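Working notes, structure below.
The values are calculated or read from the model by the stated rules, or taken from the named source; none is laboratory data. What you see is a predicted model, and the numbers here were worked out from it, not measured in a lab. Glycine gets a Cβ as well: all are built from the backbone with ideal geometry, and neighbour counts include every protein chain shown. All accessible areas refer to the heavy atoms of the entire protein, side chains included, with ligands and DNA or RNA removed. Shrake-Rupley method; radii C 1.70, N 1.55, O 1.52, S 1.80 Å.
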Amino acid sequence: MVRLSKENGLNCVLALALLAAPFVATALDEPFYITLATRVAILAIAGVGLNLALGLGGLVSFGHAAFFGLGGYAAGILASHALNYEPILSSPFELNGTTQMLVIWFVALLVSGLAALLIGFFSLRTSGVYFIMITLAFAQMIYYFAISWPAYGGEDGLSIYVRNVLPGVNTMDPISFFMIAFVLLMLVILFSSMIKNSRFGAALQAARQNDERLATVGIHPFGIRLTTFVISAMITALSGALFADLNRFVSPDMLAWHMSGEIMVFVILGGVGRLFGPVVGAALFILIESVFGGISEYWMFYLGLVLLGVVLYARGGVIGFLAGKEKHD
Amino acid sequence: MTDQATQPVLEISELYKSFGALKATDGVNLTLYPGEIHALIGPNGAGKSTLIRQISGEYPPDSGTIRFLGQDLAGLGVADRAQLGLGRTFQVSSLALEFSALRNVMLAVQAKSGSSFRFFKPVMKDRDLVDGAMKMLEKVGLQDRAHIPAAELSHGERRQLEIALALALKPKAFLLDEPMAGMGPEGSKTLTGFLGGLRDQAPILLVEHDMDAVFALADRISVLVYGRVVATGTVDEIRGNRIVREAYLGEETS
C-alpha cells in the first residue's frame, strides 16, 4: 500500500517531468537539452548518495568529490587501457582494461567503497566542524594525487574516445544514455527509501538525533555511521562513472572541493533528507547554470542568492517548501 | 533484606575518578543484589551522576573495577554494556525527539531482537517491533500518545517514555538517574508504585532526590558525600544515622 501523501505525489510529478524532458527536447529539436537532462539525472545520483549520509545520518561530508572522482577515474582508466590495448598490470598476472559499463560500475563501487571505509574509519571518530574538515582534507589529498600523477593525464585529465558499452543499449544515442542514468537514479532513490524505512534506517536516523540514546539501547553508532558512509560513497561513485561517460572525459576537477560543495548544494537546495531533494536540487543548479551562465559569467552569484533564500526561508529546501514538513510515523 | 550468599548483580569496588583536583568518585564500594532496590542519595555535586556514568560506560574510571553479572566491564562502551543488560534512564530525558514515542521504543525492541543491519523490510510493517513497543508503552501508560513525536510530549511523559525504553531492553539491572525529577506529586506517586513492582524483574540502582520515594522504595540506601559513600544501610539505619543527618538530611544534632 502506497500512501499518496503530498510529497509522494510531488515526487511522481518530478520523476515524470525529468523523464519527459529529453523527449520534449527531441520534439523541439533541441538535442542539447537532452544532455542537460542527462546531467541532472547523473548529478542527482551523486546527491542521493550524499543525502543518505547528510540527510539521514547528519554526516556533513565535505569530501564526496573524492568518491565522485574515483568513480570517474575508474571509468576513465579502465576504458583508456582497453582502448589502447595496454594491460593495467602485466605481472604477476595480466589485468586488462574494459569498456563494459557493468564492469566499470562494479569497479567504481568497489574502489570507492574501500576508500570510504578507510576515510570513514578515521573521520567518523570526529563530529561537527572537525568531520567536515577531515573529509575535506582526505578528498584534497586524492585531488592533489591525481594532479601530480602523470600516468593518467595529471592536471590535463583523461579522454575516453568512445562511450563505454552496455549490452543491448546504444550508449552513443543520447536518449538511450539518458535512460541509463534515469533508471539508475530511480533505483538509487528506491534503495534510499527502503533504507530510510528499515531497521538500519531507524538506527541511522536515531544516531543523527541523539547518538547517546542509540548507544543506550545497545546499538553502536559508529558501525551504523561507517556503513552509511560507505553506501553513500558508492552511490556517489556510480554517478561519477556515469558523469565521465557523459563527458567522455575525466579530470581532477571531478575530485576538487568545488565538486563536494556542488553536491552539497544539490542536497540543501532540494531539501535535506528528502528522497527527491537531490533531483530538484541538481535540476535547479543546472537550470541556473545554463540560464544565467549564458547571460553572465557571474551566474554563481545568482545561485548564491537562491541558496541564501532557501537556507533562510525554506529550511526543508524546495521539497519542504512545496510538500511541507516531513512527518515520521 | 538481601541474601548475602547470592552473588551481587552489580559490584563496584574501590572506584576512583577525579576531574583535576576534584575527587568526584573517591574509593566507592557498592553492591546491587537480585531483587533489591538500592537507592543512592546525596547532596548536589556529591558525584551521583558521575558514578552512574562510570557504570553506564560514558566515563572511564581512573581506577577500581565494576563487575556486572560477574564480568569486569573495563574497556566496554555504552552500547556493549547495554547489550549485557544494563538498562539506564537519564536525569535529563535523552530521546530521539523527531521520532514518535512508539518509534523510540521500537528502537530499543529492535536492538534487543537481532541485528540493526537490515536494509529492506520497513520497520512499520514489522509486527514484532510495533507490537512489542506498544506493549511497553501500555506498561507505562503512554499507549494513547504512541504516535506523538517525543519533542511534543510533556516533561512527565518523556520520563515515562525513558522508562518504557529501559523496560524494552529487558535489562538484568536498571540504572535510574532521578526518574522522579520534575514529575509533580501525583506523577511521583504513580511512578513510585510502578518502580516498586519493577524490582521483581531486575534490581534497581536508584539515584533520587525525592526522599518520600526513596524511603518508600529502597531496600538499602547508600549516602554519597564528596564522592565517598559515608553510609550504607536499610531505610531505618540510614534514618537513624547521625553522620547522615548532619551531612545530608541537614538536621542539627543536639
For segment A:192-234, which positions are aliphatic (A, V, I, L, M), open to solvent by less than 10 Å² (accessible area, probe 1.4 Å) and away from chain B (no Cβ under 12 Å)? A:A233
From the option list A:L83, A:L52, single residue qualifying as touching a Ser or Thr at 6+ places or on another chain (Cβ under 8 Å) and open to solvent by 40 Å² or more (accessible area, probe 1.4 Å) is A:L83
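Report those helices (runs of 4 or more DSSP H) wholly inside segment B:26-144 carrying at least 3 residues which are at the interface with chain A (Cβ under 9 Å from one of its Cβ atoms).
B:78-84, B:101-112
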Return the residue satisfying two criteria in turn: it lies in segment A:275-318 and is within 17 Å of A:A41 (Cβ to Cβ) and outside any helix (DSSP H, G or I), and of such residues it is most open to solvent (accessible area, probe 1.4 Å). A:L275
Looking at (1) over 16 Å from A:V318 (Cα atoms); (2) open to solvent by less than 20 Å² (accessible area, probe 1.4 Å), which is the one condition that is false for A:A20? (2)
Residue list for segment A:119-136, restricted to those being more than 19 Å from the chain's Cα centre (by Cα), assigned to a helix (DSSP H, G or I) and either under 27 Å from A:F249 (Cβ atoms) or among the aliphatic types (A, V, I, L, M) (or both): A:V129, A:M133, A:I134
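Let's see how each residue does on (1) outside the structural domain of B:A181 (by TED's automatic domain parsing); (2) touching a Gly at 6+ places or on another chain (Cβ under 6 Å):
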residue	(1), (2)
B:T31	no, no
B:S49	no, no
B:R53	no, no
B:I66	no, no
B:M106	yes, no
B:V109	yes, yes
B:K125	yes, no
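Okay, residues lined up against (1) hydrophobic (A, V, I, L, M, F, W, C); (2) closer than 30 Å to A:A115 by Cβ; (3) modelled with pLDDT of 95 or more:
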residue	(1), (2), (3)
A:M1	yes, no, no
A:S5	no, no, no
A:N8	no, no, no
A:P31	no, no, no
A:A41	yes, yes, yes
A:G47	no, yes, yes
